[in-house]
Amino acid sequence: MHHARQHAETRTRERRLRLANEAARLMAEGGFRDYHQAKLKAAERLGIHDDASLPRNREIEQALREYQRLFVGEPQQQAVQVRREAALRALEFFSGFSPRLAGPVLEGTADAHSPVHLQLHTDDADAVPRFLDEHRIPADVRTRHLRLDRERSDDFPVWVFTAEELTFDVTVLPHDALRQAPLSGVDERPMKRASAAQLRQLIADEEIAGYDPAAYR
């Protein structure tokens, strides 16, 4: 009985690993941006349909880092570097809104198609569109559902525009969200974020140490 249970657990672990690797491949090559969609597509492709075998988002993120390291290498590192430098300029541009960088560009998993995700903080709903308009930056507005903490969630405006041939995705949050980042869709913990000063330090550290995405997990 004990041996059978061990065997079943081993099979489940193996399936989770296969699914995580396939989902990572779909994100790296197939243009998938959402962990959940990539996970379901991977399960469909591999014919694995039991929920116990579905990997956590964090497992897929780890597999994605490894896939990029093994199969993408220099182009992916370059994509991260270019976007971090552009993000730094954008953080300085939006300095009046206590901006933060978040998402794949900060995490080091961005690729040549990844937008730069910024979070701005203000209690004036019109302040960001007014600022964009004053600087003649055409932008499309969308909404994004985020959980601010375990109890609170809401839809927030997102302004999407192009600058320096890159896409910027700017979420506008209330000022009190500056104290604690919204919860990540990857692991339900507060998102990793960086101010301009923190990003500048990260870029400098990487230039000194040589680029190694694994160092910033």
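The values are calculated or read from the model by the stated rules, or taken from the named source; none is laboratory data. For clarity, every value in this text was computed on a predicted model and none was experimentally measured. No Cβ is skipped: glycine too gets one built from the backbone with ideal geometry, and neighbour counts run over all protein chains shown. Surface accessibility is based on the protein's heavy atoms, side chains included, excluding ligands, DNA and RNA. Shrake-Rupley method; radii C 1.70, N 1.55, O 1.52, S 1.80 Å.
Just to verify a number: FRET efficiency for residue 124 and residue 195, C-beta to C-beta distance, R0 = 25 Å, to 0.05? After rounding to 0.05, the efficiency reads 0.75.
Summed over all non-identical Cα pairs, the Kirkwood treatment of the stretch 85-153 gives a radius of 13.8 Å.
Evaluated with a Cβ-only charge set (Lys, Arg +1; Asp, Glu -1), the chain carries a dipole of roughly 820 debye about its Cα centre, given to the nearest 20. The label-point distance for residue 66 and residue 203, in a model that sets each label 7 Å from Cα toward Cβ, rounds to 3.2 nm. The length gained by stretching the chain between residue 151 and residue 29 to full extension, at 0.36 nm per residue less their Cα-Cα distance, is 40.3 nm. Each Cα pair under 8 Å and six or more residues apart adds its sequence gap; the mean of these over the residue count of the chain is a relative contact order of 18 percent. Checking (1) 45, 19, 16; (2) 23, 22, 19; (3) 34, 21, 16 against the coordinates, the calculated semi-axes √(5λ) of the Cα gyration tensor in Å falls under label (3). A helix-only calculation puts the chain at -14500 deg cm²/dmol for mean residue ellipticity at 222 nm, using -39500 (n - 2.57) for each DSSP H run of at least four residues, averaged over all residues. The apolar share of the surface of the stretch 152-195, taken as the fraction of accessible area on carbon and sulfur atoms (1.4 Å probe, ligands and nucleic acids excluded), comes to 47 percent. Calculated FRET efficiency, residue 44 to residue 180, Cβ-Cβ distance, R0 = 30 Å: about 0.25 to the nearest 0.05. Packing here is the average count of other Cβ atoms within 10 Å per residue, and on that basis the peptides 165-176, 197-208, 79-90, highest first, run 79-90, 165-176, 197-208. Packing order of peptides 58-64, 133-139, highest average first: 58-64, 133-139 (average count of other Cβ atoms within 10 Å over each peptide's residues). Here the label points at residue 136 and residue 9, each 7 Å from Cα along the C-beta direction, are separated by 6.6 nm in the simple model.
Once the chain from residue 58 to residue 85 is taken as fully extended at 0.36 nm per residue, the excess over their C-alpha distance is 7.1 nm.
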